[in-house]
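Here the structure comes first, spelled out in structure tokens, and everything after it is commentary.
The values are calculated or read from the model by the stated rules, or taken from the named source; none is laboratory data. Here the structure is a predicted model, which means the values were calculated and not measured. Neighbour counts are summed over all protein chains in view; Cβ atoms, including those assigned to glycine, are modelled from backbone coordinates with ideal geometry.
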Amino acid sequence: MYTTSSIKKLGTVLQQADLVSSTQVKIALREQAQFKNKRIGEILARRGWLKQETADFFAEQWPNLLSHRVRQPIGQYFKKAALLSDRRSK
């Protein structure tokens, strides 16, 4: 299990991947403060700033992938994050 100090917050990861802006993250965090049951990825996706699958990938799978030595071609990760379709990867 990961602690919050050992992994980056989702907003930071998404910004570093250039998938959302710092302004978008700030807006989502303000909304999250009002609606504590909403995850930041849900808010970003609901606003149309990224796909829910992308938020889920970076929240749930990305931290595990960073700790594994076995790597796949980058296109496989892009597909899992809904950033690339099978049609576009050929």
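Given the criteria of a type outside the set (D, E, K, R), at pLDDT 90 or above, surrounded by fewer than 18 Cβ atoms within 10 Å (Cβ to Cβ) and out of contact with any Pro (no Cβ under 9 Å at 6 or more places or on another chain), does Ala82 qualify?
So Ala82 passes the test.
Does Ala28 meet the test of being within 20 Å of Leu84 (Cα to Cα), among the small types (Gly, Ala, Ser) and either modelled with pLDDT under 95 or out of contact with any Ser or Thr (no Cβ under 7 Å at 6 or more places or on another chain) (or both)?
In short, no.
Suppose we filter Leu65, Leu29, Leu14, Leu19 for residues that are aliphatic (A, V, I, L, M) and part of a loop (DSSP other than H, G, I, E, B); which single one remains?
After applying the criteria, what remains is Leu19.
State whether one or more residues within the stretch 35-51 are of a type in the set (S, T, N, Q) and either touching an Asp or Glu at 6+ places or on another chain (Cβ under 8 Å) or not in a loop (DSSP other than H, G, I, E, B) (or both). Working first, answer last.
Taking the stretch 35-51 first, the residues of a type in the set (S, T, N, Q) are 37.
Pick out the ones that are also either touching an Asp or Glu at 6+ places or on another chain (Cβ under 8 Å) or not in a loop (DSSP other than H, G, I, E, B) (or both) and you get none.
Looking through the stretch 35-51, none of the residues is of a type in the set (S, T, N, Q) and either touching an Asp or Glu at 6+ places or on another chain (Cβ under 8 Å) or not in a loop (DSSP other than H, G, I, E, B) (or both).
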